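Worksheet: one structure, shown below.
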Amino acid sequence: MRYIKISSAIFIFIALFSVIMPDLLHAQNGTFDAQNYAQKSFELQKKGMILLGSWATLNLITSSTGYFLSENDSKYFHQMNAGWNIVNLGIAGFALYNLSQSDPSVLSYSDTITELQNLDKILLFNAGLDLGYMATGAWLWERGIRKQSHRLKGYGKSLLVQGGFLLVFDVILYLMHSPITKEAIYFADQFEITANGFRINF
């Protein structure tokens, strides 16, 4: 009788364990799996590049039409917008192609963290460049007013708009991506990968 009770307890334990084990594994993969962070980063980058490509396409359509329908400052504003966004469209397309060819599942934990940190640095560096574009645009606009140059004024206005968009784009993307990096680093500090699995560092 006692043997039956022990066997029943073992059976119940095994049954409960088999039910909750998939959830535990899923939670572990969502928290500790390096590829999870890499995948999150990849998905965010894809969305960002799609947005950049959409902005570039919209600008190309409107500015190609606007160039022929406008004059003076506006003509050069549209001209610069079109040229600028040919580059943006190329960057977005190239980035999306590279992301489609990349496999986050092959990245190790250390490689994943390095990639995440590098992207954060690139976004902050780009934000600094964006401020430079805007400053250049303001300078061209002011110089155009002094020299009564429609071309300089149009180019300056375009750089202000395009630089402003890229600044907002890069800052928002950084604010969305940096928490992924911080979470990955946090768990990298808390859990050390060994030959036998994870070891918790207190």
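The values are calculated or read from the model by the stated rules, or taken from the named source; none is laboratory data. Because the structure is predicted, anything quoted here is derived from the model rather than measured. Neighbour counts run over all protein chains shown; Cβ positions are idealised from the backbone, glycine included. These area figures cover heavy atoms from the full protein model, side chains too; ligands, DNA and RNA do not enter into them. Shrake-Rupley method; radii C 1.70, N 1.55, O 1.52, S 1.80 Å.
The table for this structure:
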item: Lysines with Cα under 27 Å of residue 153, excluding same-chain neighbours fewer than 8 positions away; result: 75
item: Computed FRET value (nearest 0.05) for residue 58 with residue 114, which takes r as the C-beta separation and R₀ as 25 Å; result: 0.10
item: With every protein chain in place, the range 128-188: carbon and sulfur % of accessible area (1.4 Å); result: 68 percent
item: Binned Cα-Cα distances of the range 122-179, short to long, each 10 Å bin given as a whole percent; result: 28, 40, 21, 10, 2
item: Potential lengthening between residue 101 and residue 87 on full extension [0.36 nm per residue; Cα-Cα distance subtracted]; result: 2.9 nm
item: Accessible surface of the range 44-94 [probe 1.4 Å, protein heavy atoms]: carbon and sulfur percent; result: 71 percent
